[in-house]
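I have placed the structure first, in the form of structure tokens, so that the comments after it can refer back to it.
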Amino acid sequence: MPGNGKGKTPYQGPKRCFGEYTCPKCKNSWMSGNSWADMGQECKTCNINVYPHTQRPLEKHNGPDLRKPHLKNLCEKCKTLGHLCNSFD
């Protein structure tokens, strides 16, 4: 779902951000702190590439680390780079 008609995602910057995704086929929803401009993530259920409908800058968090492991096999950026995208930025 394009944000402003200039790209495939709302965010068009060079850094990693936080994205919210909803699969158009099965309506599965997820969030990821490894979201990138014009890059999608695969739905675990349908195996289709889904672009984020919402993106915002990553925020510093002082609490416990609640991150889930990043599944590079479902991430378009990881596949493009050939390694984990969260070590790139």
Checking the chain for GluC sites (Glu not before Pro) in a loop per DSSP with at most 12 other beta-carbon atoms within 10 Å yields GLU59
Rounded to 0.05, the calculated FRET efficiency for the beta carbons of ASP38 and GLU59 at R₀ = 25 Å is 0.70
Here, THR45 and GLU20, labelled 7 Å along Cα→Cβ, have an inter-label distance in nm of 1.8 nm
With every protein chain kept in place and a 1.4 Å probe, the chain has an accessible area per residue in Å² of 69 Å²
The FRET efficiency for LEU81 and LYS27, from their Cβ-Cβ distance with R0 = 25 Å and rounded to 0.05, is 0.30
Filtering trypsin sites (Lys or Arg not before Pro) in region 1-57 by DSSP loop and by at most 10 other Cβ atoms within 10 Å leaves LYS6, LYS27
Which of (i) 35, 28, 26; (ii) 64, 47, 30; (iii) 36, 34, 18 is the computed Cα extents along the principal axes in Å? It is (i)
Asserting the computed 222 nm helical MRE of the chain (DSSP H runs at least 4 long, -39500 (n - 2.57) per run, divided by residue count, to nearest 500) equals -1500 deg cm²/dmol
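The values are calculated or read from the model by the stated rules, or taken from the named source; none is laboratory data. None of the values given here were measured: they were computed from a predicted structure. When we count neighbours, we look across all protein chains shown, and the Cβ atoms used for this are built from the backbone with ideal geometry, even at glycine. Ligands, DNA and RNA are excluded from the accessible area calculation, which covers all protein heavy atoms including side chains. Shrake-Rupley method; radii C 1.70, N 1.55, O 1.52, S 1.80 Å.
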